[in-house]
Amino acid sequence: MLKVNWDEAKCIHSGNCVKGFPQVFKIENDQFVIDESGGTEDDLRAAVAACPSGALSIEEI
Ligand code: SF4
């Protein structure tokens, strides 16, 4: 199973993740939430690859 980690210090808030995979990356109560169950493993890997800042990374759990 994959977990997506987010490094807030690296994030440049381009919004690629939220726009591209809104079922996975969400803003809830002003908090950035990652719900891995909202996408396939390919979706998660594509989202991480599309992040321009390197803030997202994949972890096998
Ligand atoms: S795609 Fe990356 S840089 Fe853009 S908002 Fe998401 S985590 Fe931040």
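Key figures for this structure:
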{"item": "Filter result (in a helix (DSSP H, G or I) and among the aliphatic types (A, V, I, L, M)) within the range 1-57", "result": "18, 44, 46, 47, 48, 49, 50"}
{"item": "Which numbered condition residue 1 fails, given (1) surrounded by fewer than 12 Cβ atoms within 10 Å (Cβ to Cβ); (2) of a type in the set (A, V, I, L, M); (3) modelled with pLDDT of 95 or more; (4) over 11 Å from the mean Cα position of the chain (by Cα)", "result": "(3)"}
{"item": "Residue count, the range 27-40 (criterion: among the charged types (D, E, K, R) and more than 14 Å from residue 5 (Cα to Cα))", "result": "2"}
{"item": "Number of positions in the range 8-46 that are touching a residue at least 24 places away in the same chain (Cβ under 8 Å), out of contact with any helix residue (DSSP H, G or I) (no Cβ under 7 Å at 6 or more places or on another chain) and within 10 Å of the ligand (Cβ to nearest atom)", "result": "7"}
{"item": "Top-ranked residue of the range 47-61 - restricted to ones that are exposed (fewer than 14 other Cβ atoms within 10 Å of the Cβ) and not hydroxyl-bearing (Ser, Thr, Tyr), ranked as nearest to the ligand (Cβ to nearest atom)", "result": "52"}
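The values are calculated or read from the model by the stated rules, or taken from the named source; none is laboratory data. All values reported here derive from a predicted model rather than from experimental measurement. Reconstructed Cβ throughout: ideal geometry from the backbone, glycine too, with neighbour counts over all protein chains shown.
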